[in-house]
1. Within the range B:237-263, track down each residue that is farther than 27 Å from B:N19 by Cβ, open to solvent by 80 Å² or more (accessible area, probe 1.4 Å) and touching a residue at least 12 places away in the same chain (Cβ under 8 Å).
2. Among the numbered conditions (1) over 13 Å from the mean Cα position of the chain (by Cα); (2) facing chain A (nearest Cβ under 10 Å); (3) among the hydrophobic types (A, V, I, L, M, F, W, C), tell me where B:W198 comes up short.
3. State all residues of the range B:120-160 that are open to solvent by less than 20 Å² (accessible area, probe 1.4 Å) and more than 13 Å from chain A (Cβ to nearest Cβ); if no residue qualifies, say none.
4. Regarding the range A:286-299, can at least one residue be identified that is buried (at least 16 other Cβ atoms within 10 Å of the Cβ), in contact with a Ser or Thr (Cβ under 6 Å, 6 or more places away or on another chain) and closer than 20 Å to A:P311 by Cβ?
5. Give A:L154, A:L141, A:L162 a once-over and let me know the one that is within 21 Å of the chain's Cα centre (by Cα) and in a strand (DSSP E or B).
6. Mind listing just one residue for me: the one in the range B:169-192 that is farther than 25 Å from A:F354 by Cβ and not in a strand (DSSP E or B) and, of those, nearest to the other protein chains (Cβ to nearest Cβ)?
7. So, of the residues in the range A:322-337 that are part of a helix (DSSP H, G or I) and closer than 23 Å to A:M248 by Cβ, which turns out to be most open to solvent (accessible area, probe 1.4 Å)?
8. Which one is farthest from the other protein chains (Cβ to nearest Cβ) among residues in the range A:367-420 that are in contact with a strand residue (DSSP E or B) (Cβ under 7 Å, 6 or more places away or on another chain) and assigned to a loop (DSSP other than H, G, I, E, B)?
Amino acid sequence: MASRFSGALQLTDLDDFITPSQECIKPVTIEKKKTKTGAKIKIGEDGYFDISSGQEQKLQKVEITLADCLACSGCITSAESVLVTRQSQEELLKVFSERKYTDNKGVTKSVSLVVISLSPQPTLSLAARYKLTPEDATKKLAGYFKSLGADLVLDMTVAEDLSLLEVQQEFLERYHNHQNDPTAKHLPMLASSCPGWVCYAEKTHGNFILPYISSTKSPQQIMGSLVKQYLSKSKEVNPSEIYHVTFMPCYDKKLEASREDFYSEILSCHDVDCVITAIELEQMLNNSGKSLSEVASSELDWPWSESDGHPAIRRHLGSGSGGYADHVFSYAAEQLFGESNAPLVYRNLRNPDFREVTLEKDGKEVLKFAIANGFRNIQNLVQKLKRGKSPYHYVEVMACPSGCLNGGAQVRPSTGESSRELVTQLEGLYSQLPLAAAGGGGLVRRLYADWLDGRDSDKARAMLHTRYHAVEKSDIALNIKW
Amino acid sequence: MANLELLQTLHGHKGIVWNVAWHPLGTIFASCGEDKTIKLWSKEGQEWTIKTVLVDGHQRTIREVAWSPCGNFLASASFDATTAIWDKKSGQFECNATLEGHENEVKSVAWSPSGQLLATCGRDKSVWVWEVAGEDEYECESVLNAHNQDVKKVAWHPSLDILASASYDNTVKMYKEDPVDNDWTCIATLCSHESTVWSLAFDKTGERLVTCSDDRTVKIWKEYKPDNQEGVIITDKESVWKCVCTLSGYHTRCVYDVAWCHQTGLIATACGDDIIRIFKESEDSDPNAPTFELICTKLNSHSQDVNCVAWNPIGNQELLSSSDDGEIRIWKFSD
């Protein structure tokens with residue numbers, strides 16, 4: 001089976017099927033019994049048996065969790081199988097029917113609230129697949145998840161708004177810090193919302209590149225904090241009894257959700273428990289012999305007290321990956337150079353997936369931003385940085401060519417359709433979505449006031465920002481193949 | 001009686017010599033190996049001697065070297081995950097650019113016929129296409145993850161920007177650029193070998209390919225273009241490559257390398273049984289089912305595995321070979 005991870009992750013041995021056992025450093029702990037000189041182990045067809053005590057005793061299989069794999073520089077061979085068990089359609093259906101789940105630590109918890117958060121890109125992917133308008137597709141998806149047993153189906157606009165606001169703020173800080181100390185790695189600031197890119201940077205370029213990556217969490221993880229830390233309170237539910245599912249355009253998001261950084265010891269739960277992708281949802285529908293168009297519609301939920309807002313899948317100005325470059329550019333142009341409505345005219349570089357935009361002031365380039373999509377352009381960007389030849393202040397980096405609308409787990413093009421045609425169609429659908437309110441609406445303001453103790457507070461930093469960790473490389477001679 | 005006459009045995013490397021590559025003019029060649037050095041050889045009178053030794057370019061084994069078509073640049077692929085580009089603009093050979101990006105061992109490097117593109121491949125299962133973007137500047141054009149195992153070898157079509165790669169996944173894949181987004185895509189997968197494909201070479205027309213494998217066979221593949229007269233069905237508007245000849249029963253171990261002379265049409269193979277073999281196409285060979293005859297078997301051509309064979313590009317029937325035994329040998333073929 002072809003890997004569904006993005007190209008960046010495929011390269012970093014993410015599912016390297018050649019060398020798992022040799023390179024895996026997961027220590028195997030065997031409970032030792034005293035007084036034995038040595039164990040006799042028999043290999044049976046259905047497992048390993050300890051026969052030293054005279055009778056066969058089945059030995060436990062070593063289980064490697066995704067967290068183990070992510071912490072290791074070796075293979076993540078098992079990542080795919082671990083993900084398949086922890087974050088699969090089967091698991092999701094099981095949670096719906098049994099109303100309980102087993103977390104990464106192996107603890108089983110009962111579920112009293114199932115929350116689904118829909119992101120725009122996979123919703124559009126299904127709209128295109130089933131020839132529905134984005135609005136209809138959203139309602140059908142809400143109806144489908146509710147028919148399975150979801151309690152709340154939400155859009156993620158608020159999390160996207162928070163993420164953009166924090167990114168804008170972080171850029172200004174970095175820009176000022178850079179003026180004071182140009183040698184410290186404040187700029188260029190690199191986007192952080194793509195987990196394929198972040199994971200690749202951690203594993204391959206480590207401390208060289210990580211300081212440049214924005215500390216702002218991705219919308220998925222901000223939504224995670226919002227649901228587990230805030231919504232749980234207003235719903236009066238124990239956060240670990242909320243099963244939070246996000247609907248996403250790429251498989252790499254599953255890895256992101258599983259990161260230790262997004263596990264709360266205090267609440268003893270992850271912010272996002274399961275990530276389901278467009279392609280998996282299509283499969284779920286296929287398995288039940290349904291087309292999305294036949295599913296009964298339902299409205300998205302609005303669990304917030306604001307009466308001025310209403311739920312909808314929305315777009316933000318700029319790229320279909322969330323519009324990071326555009327938002328930061330416009331904000332920085334205004335805040336730093338007093339240029340409101342600075343024109344955003346992108347110029348393609350070597351290929352259409354690497355484009356740049358500049359702000360000129362008195363004939364001088366004062367801001368230079370870029371969008372770099374796809375692994376080849378990540379390479380060119382990283383090499384520019386390494387050689388000290390990056391001219392950029394900010395780069396929106398996404399691991400998939402064409403960005404998130406072309407995410408690795410979006411529904412495949414139908415026969416006869418090229419993937420470029422499909423992306424163009426999705427870009428068209430995206431541009432028709434209603435626009436999210438600039439700077440977020442009343443809900444965003446109240447979240448900063450009530451939940452986050454204001455902007456720039458410790459709480460806002462804790463809830464909306466994260467850290468990255470370089471993974472040390474180990475090279476094991478066993479694996480060298482000529 | 002066809003014969004491979006040993007002209008000279010060249011010593012200089014410590015340990016395995018992985019690869020030898022002729023300069024396009026055929027008067028110089030480069031060699032590389034386990035000792036992390038590149039040596040440049042040329043003739044002094046009748047003797048080939050080391051002219052230059054390039055050191056400190058790589059931290060680990062150098063697996064392959066390749067001259068650019070203009071002869072001014074030498075690329076070296078190393079297990080240290082980098083590819084170095086050497087030139088002598090300053091008067092002597094220096095490494096003036098390093099291509100970084102492969103996750104681990106780089107196994108092969110090749111220049112496109114125009115010299116504007118480079119391809120590399122390696123243990124990380126990927127094939128990379130690089131573009132010469134200015135003086136000492138190289139940009140990544142594409143990272144191709146078509147293979148699902150270690151990629152052993154890359155080779156360019158002799159006149160078009162079409163790339164072929166051979167892998168541990170038993171297949172050969174071909175790629176070309178998609179003008180829509182300037183990215184490269186896999187346009188053909190050649191399946192027939194039953195084990196690792198170690199190497200491959202196009203003939204002078206680029207319409208045939210020879211591959212060699214761990215399965216002890218050598219295979220000849222023919223391109224059937226979309227308008228082919230033979231009635232071979234084409235899907236996706238791309239040529240289909242069919243295996244039209246399998247040379248089996250000749251090699252007793254893995255076949256590590258194969259070289260198809262663009263002047264004489266002779267195919268030389270490097271084998272783990274220490275033998276160099278020369279194959280020649282029969283005169284009455286049917287293009288759709290060609291026949292090749294083994295015309296020369298050089299027993300004990302080296303004392304260990306033969307890793308590489310290379311025909312002198314000027315067509316004087318000189319053949320270079322390199323081996324695990326630490327030696328490079330230069331041969332003269334005669335009919």
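The values are calculated or read from the model by the stated rules, or taken from the named source; none is laboratory data. Computed from a predicted model, the values in this text were never measured in an experiment. Cβ sites come from the backbone with ideal geometry, for glycine too, and all protein chains shown count toward neighbours. Calculation scope for accessible area: heavy atoms of the full protein, side chains included, ligands and nucleic acids excluded. Shrake-Rupley method; radii C 1.70, N 1.55, O 1.52, S 1.80 Å.
1. B:K242
2. Every condition holds for B:W198 apart from (1).
3. The answer is B:V154, B:A155, B:H157.
4. Within the range A:286-299, none of the residues are buried (at least 16 other Cβ atoms within 10 Å of the Cβ), in contact with a Ser or Thr (Cβ under 6 Å, 6 or more places away or on another chain) and closer than 20 Å to A:P311 by Cβ.
5. Details: A:L141 fails: in a strand (DSSP E or B); A:L162 fails: in a strand (DSSP E or B).
Unique residue meeting the criteria: A:L154.
6. Checking each candidate, the answer is B:D169.
7. A:H327
8. Keep residues of the range A:367-420 that are in contact with a strand residue (DSSP E or B) (Cβ under 7 Å, 6 or more places away or on another chain), which gives A:367-373, A:375-381, A:383, A:391-398, A:400-404, A:409.
Within this subset, residues satisfying the condition of being assigned to a loop (DSSP other than H, G, I, E, B) are A:391-393, A:400-403, A:409.
Details: A:P391: 14, A:Y392: 16, A:H393: 21, A:C400: 12, A:P401: 7, A:S402: 8, A:G403: 13, A:A409: 16 Å.
Selected residue: A:H393.
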